[in-house]
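Visitor: Could you have a look at this structure, given as C-alpha cells, before my questions?
The values are calculated or read from the model by the stated rules, or taken from the named source; none is laboratory data. The structure presented is a predicted model; accordingly, all values stated were derived computationally and were not measured. As a convention, Cβ positions derive from the backbone with ideal geometry for all residues, glycine included, and neighbour counts pool all protein chains shown.
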C-alpha cells in the first residue's frame, strides 16, 4: 500500500472541475492506498477535516490575485505533512502556479512527483511570463504527467517535449450523481411544467469569458422560439450577461444549482448547449455529464481541446466551427426539429461516454502508476537509452535496428541534446526526447533511467553511447549472465577500436595524478602509472570485478539503481561513469565481461578540444571534491583488493 499526498487548489465540498477530478481519483485509489490532501481553504482560517475517510488540510488564504489564492503559510503546512506522512507519491493538480513553486522548494525526500495537467495557463500573461520558467522546472521534476486527452497533450506547448512520461487519464463522469431516485420522474415532469413544457436547451458553467455564453446569447436570437434556453451557474460576468439577454425572451438565468437539481435539469432537457470557445476549456466535464444523461450536445470545434473527443461530431451531437453563432444555431435547430435524429444521438451519447469516460477507464492507468510493489516480469526486459548530440541518422538507425533484434528489449530512449529537433529520429521505433539544449550526458541518461525505475517493467537498463557497433546477441548473453549472478549490479563487455585494437577500459579508481597531472606531463613520464590505472598487465580475457566501468556501455540492474541513485548530474560530461560505478560497487559487483565484445569509436574529445578539456578538468575537480583528493581510504582499499583479485603486480 502506497502513501499518496494530493495537492489541489481546493477540495470537496468546494465545487469545481479540478476538485471534482481530484475527488474521483482519490475515491478510486482509496481501497488500495493511504492518502492525504492539502489544499487552500475556501473559508477563512486553517482547517483540518476528514472527507470520506481522507484527512484534508485546508490552508487559509490571505487574498487572491487573478484567480490565484495567495498564502505564505502553505509551504510550512506542506513540509510538515511531508515530514510526518513521508508520502511515496505527491500528486499535484495544475494549473496552480504558487503551489508549484512551493512543491519545487519543499523537500520531497524520495517521493515520486505525479503532475496532473488539467490545462495550460492561457490567460494571465503577465503572471505566466514569470511563472513559465518554474512551470518547466516542475514538468522536468515530474516523474509522470497525466494529461486529460491526447488531443490536448499534442497541442500543449509546455508538454511538447515530455510525451515520454505523459499518460492519458481522461476526466470521468461520476455515474452515482445521475442515478434516478423514486420520485425523480415526478420532479422532472414538474420542472418541464415550470418551463411551459417547452423543449429545454440547457447550459451550465462558470460565467467567465472562455465559457462563451456571449456566443450562446447571440445564437439564441437565431434559434427556434419554441424552446427555453436555461443557463445555470454564476460568475463575475453574470450581471453583464443578464443585461445582454434582457431582450431575448426565451433565455433564463437560474444561478448555481445543486447536484440534485443539475441531474433533474439534464434529464428534463432536450439539447445541451456548450459554447466554450478557447483551450481554457481543456476537456468539458459538464459536457460529458450531459451526454451521459442522453442529451445530444452542440459545441464549438476548439483546436487542441479535448472537447472534440468528448462530443463526437455527428454521433453524440454536433461540433461546429468555433465562434460561428449561425452554425451553432443551425445545429441546435436541426436537433429541435428532427426527433428521430435527436433520439439516435441521445442513444449514441450515452454509449460514447460509457465507452470512454467512466471510472473503469481510468483505474487501469492509476493502478499502473501507483503500484510501487509490483513484481518485475518473469521475462527480464531491458530498457535502453542513448544520448545524442548532432549524430547522423543512418548510424543511429542501424544501431536501433540491431538492438531491436533482441526480444528482451522493451523501450529504447533517444535523448537528444542537439540544438535542433530531428524529425527523422522521431520516426524510428523509439521514445524520442528532445531537450532544446545540451543538458549533459549523465542528466540525459537519467531522464530514461527515471522512467525505467518508475514504470518498474524492466529488470535492466542499458546506458550506451551512440558511436557503438554491436551484435544483438550480446544483449541476450549479458542478460543471462546477470540473471545467473544476482550480486552483479553493473556490467561492461570487452571494447575494441574500429581497427581491432583493444580499449583498456578496466580501470582502477583514479587519483589526481591520474586524471589531471597526466594531461600536462610527457607520456613516457606517466607510462607506468597509466598502465597500472588501466590494468594493462592483467588478462583482459577473464571476468574481473572492476571499480570503474566505462560509460560507453553500462548494463545496469534496475533494483540496484534504486539503492544507489542515478548519474550525479553535477557532472556535465566525464567522470559520471566512475562516480556511478563506485556507488554501485558499494552494494554489488561491477563486472568486466569479456565473453562478448563491442566496437567503440571513442573519439577522446578532450584531447582534441580545449573546451572539452576544460569540461574534463572541471568534472575531475568535482569528483575529487566529492570523494577525496590525495586522501581517499576507500579508493586505496578498493584498488588494493582489485589488484589482488586480478593478480596485477
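Visitor: Just to verify a result, which residue in segment 442-472, among those that are touching a strand residue (DSSP E or B) at 6+ places or on another chain (Cβ under 7 Å), at pLDDT 95 or above and in a helix (DSSP H, G or I), is farthest from residue 498 (Cα to Cα)?
Guide: 452
Visitor: Would you check which residues across segment 49-67 are in a strand (DSSP E or B) and under 15 Å from residue 6 (Cβ atoms) and list them? Full working, then the answer.
Guide: Of all residues in segment 49-67, those in a strand (DSSP E or B) come to 49-51, 54-59, 63-65.
Those that are in a strand (DSSP E or B) and under 15 Å from residue 6 (Cβ atoms): 49, 50, 51, 54, 55, 56, 57, 58, 59.
Visitor: Inspect segment 258-277 for any residue being over 27 Å from residue 194 (Cβ atoms), without any contact (Cβ under 8 Å) to a residue 40 or more places away in the chain and outside any strand (DSSP E or B) and give the result as yes or no.
Guide: Narrowing segment 258-277 to residues over 27 Å from residue 194 (Cβ atoms): 277.
Subsequent filtering for residues that are without any contact (Cβ under 8 Å) to a residue 40 or more places away in the chain retains none.
Within segment 258-277, not a single residue is over 27 Å from residue 194 (Cβ atoms), without any contact (Cβ under 8 Å) to a residue 40 or more places away in the chain and outside any strand (DSSP E or B).
Visitor: From (1) crowded, with 19+ Cβ neighbours inside 10 Å; (2) under 23 Å from residue 456 (Cα atoms), pick out the condition that doesn't hold for residue 141.
Guide: The one condition residue 141 does not meet is (1).
Visitor: For segment 410-439, name all the residues that are in contact with a helix residue (DSSP H, G or I) (Cβ under 8 Å, 6 or more places away or on another chain) and assigned to a loop (DSSP other than H, G, I, E, B).
Guide: Those that are in contact with a helix residue (DSSP H, G or I) (Cβ under 8 Å, 6 or more places away or on another chain) and assigned to a loop (DSSP other than H, G, I, E, B): 417, 422, 428, 429, 430, 435.
Visitor: Of (1) exposed (fewer than 15 other Cβ atoms within 10 Å of the Cβ); (2) touching a helix residue (DSSP H, G or I) at 6+ places or on another chain (Cβ under 9 Å); (3) not in a helix (DSSP H, G or I), residue 631 satisfies all except one. Which?
Guide: Of the numbered conditions (1) exposed (fewer than 15 other Cβ atoms within 10 Å of the Cβ); (2) touching a helix residue (DSSP H, G or I) at 6+ places or on another chain (Cβ under 9 Å); (3) not in a helix (DSSP H, G or I), the odd one out for residue 631 is (2).
Visitor: In addition: Since residue 209 meets every condition but one in (1) surrounded by fewer than 21 Cβ atoms within 10 Å (Cβ to Cβ); (2) farther than 30 Å from residue 158 by Cα, which condition does it not meet?
Guide: (2)
Visitor: On to the next question. Out of curiosity, is residue 82 farther than 23 Å from residue 450 by Cβ, assigned to a helix (DSSP H, G or I), in the same structural domain as residue 138 (by TED's automatic domain parsing) and more than 17 Å from the chain's Cα centre (by Cα)?
Guide: Details: farther than 23 Å from residue 450 by Cβ: no; assigned to a helix (DSSP H, G or I): yes; in the same structural domain as residue 138 (by TED's automatic domain parsing): yes; more than 17 Å from the chain's Cα centre (by Cα): yes.
The answer is no for residue 82.
Visitor: Between residues in segment 177-191 that are in contact (Cβ under 8 Å) with a residue 40 or more places away in the chain and assigned by TED's automatic domain parsing to the domain that holds residue 293 and residues that are in a loop (DSSP other than H, G, I, E, B) and surrounded by fewer than 10 Cβ atoms within 10 Å (Cβ to Cβ), which pairs lie under 9 Å by C-beta distance while being six or more apart or on different chains?
Guide: 187/181
Visitor: Only one residue in 24, 66, 57 is under 25 Å from residue 112 (Cβ atoms) and in contact (Cβ under 8 Å) with a residue 40 or more places away in the chain. Which one?
Guide: Numbers: 66 fails: under 25 Å from residue 112 (Cβ atoms); 57 fails: in contact (Cβ under 8 Å) with a residue 40 or more places away in the chain.
When all the criteria are applied, what remains is 24.
Visitor: On to the next question. Quick test of your reading of the structure: residue 380 fulfils all but one of (1) in contact with a helix residue (DSSP H, G or I) (Cβ under 9 Å, 6 or more places away or on another chain); (2) not in a loop (DSSP other than H, G, I, E, B). Name the failing condition by number.
Guide: Of the numbered conditions (1) in contact with a helix residue (DSSP H, G or I) (Cβ under 9 Å, 6 or more places away or on another chain); (2) not in a loop (DSSP other than H, G, I, E, B), the odd one out for residue 380 is (2).
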